[in-house]
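All of the numbers you see were taken from the coordinates with simple rules; none came from a lab. Just so it is clear, the model here is predicted, and its values are computed rather than measured. Every residue, glycine as well, gets a Cβ built from its backbone with ideal geometry; the counts of neighbours run over all protein chains shown.
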Amino acid sequence: MNGFWDMGGYGAFIWPAYGISLLALAGATLWTLAAWRRAKARLSALEKK
Amino acid sequence: MLRYANPAKFFSLSGMLLPFLAAGAALCVALGLCLGFTAPPDYQQGMTVTIMFIHVPAVIAAELAYGAIAVASIFSLVNRHPLADVAARTAAPLGALFTALGLITGALWGRPMWGTYWQWDGRLTSFLLLLFLYLGYMALWNAIEDETKAARAAAILALVGAADIPVVKFSVDWWTTLHQGESIMSGQIAPIFLKPLLAMILGYQLLFLTLWFIRIRTAILERRARSLMQAAP
């Protein structure tokens, strides 16, 4: 397992690259879904009035 | 295409497509990661070749998003269609995000392979310019209050900035300073790396489409809510 994390000595570059990409894309997905739910809730609240 | 530019039609069509786009994105990325991390080290790059699997897809998604904005901007200027403005505007933050990821993963790949995080090389510089184009485009939308005027100005900026896309593409042929040349279409990449790369490229583009469509749908709902508010304050 040490060899996997070490990535042939390049782990210090590979893992941050993957980590930042994962965080950014997961964050963008959650953000997008949250905005969608907010807009949907707001519209249905307005339509009920 | 204009047939689907009707917000209601886009809404129902994208609603049908979204589950497939999202599932396709997840599947492709999962497959790409499995293949990518089981691939052997490259004989020159060692394991840093795995950065390619997230760098190249992010760069392509950044360019695809800009292409989407440029096409939508043409429709906005020519047809004055409000959905075209919504489509262009909602693609921009996603494009900026993919551009930033392309720059960051590129820097983290460049340090061990080229010995530097950054260099004012033709490809790197023209791609950094793309990030500034995205940021300027988003700033312009926010700066002009009148939405019709903002849409026109933003569309013109997007089309002028579109000149950067071919520069990014051909920069590696014009200035052979640092960034390597194109290797996918010219078949210079071993199949064992090509398969995970293609899966990740497809996965990233599907993810972009998924998020973009949800953002367009969100904007349509927000506009409906705004018009309801105006109708009955």
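General observations
- Estimated vicinal HN-Hα couplings, Hz - the stretch B:62-76 in sequence order (Karplus 6.51, -1.76, 1.60; Gly, Pro = x): 4, 6, 4, 4, 5, x, 4, 5, 5, 5, 4, 5, 4, 4, 5
- Note that the stretch B:102-116 has calculated 3J(HN,Hα) couplings of x, 5, 5, 5, x, 5, 6, 8, x, 4, x, 8, 9, x, 8 Hz, one per residue in order, obtained from phi through the Karplus relation 6.51 cos²θ - 1.76 cosθ + 1.60 (θ = phi - 60°); glycine and proline are x.
- Given charges at beta-carbon only (K, R positive; D, E negative), |dipole| of chain A in Debye: 660 debye
- √(5λ) per eigenvalue of the Cα gyration tensor, the stretch B:144-227, largest first, Å: 37, 22, 6
- Inverse mean reciprocal Cα-Cα distance (Kirkwood Rh) of the stretch B:2-231, Å: 18.9 Å
- B:F37 versus B:Y117: modelled label distance in nm, points set 7 Å from Cα along the beta carbon direction: 2.6 nm
- Dipole moment magnitude, nearest 20 debye, the protein assembly as shown about Cα centre, only Lys, Arg, Asp, Glu C-beta charged: 1380 debye
- Backbone phi angles across the stretch B:171-176, fed through the Karplus curve with coefficients 6.51, -1.76 and 1.60 (θ = phi - 60°), yield HN-Hα couplings of 4, 6, 8, 6, 10, 8 Hz in residue order; Gly and Pro are listed as x.
- To the nearest ten degrees, helix B:122-143 and the longest principal axis of the Cα atoms of chain B are 20 degrees apart.
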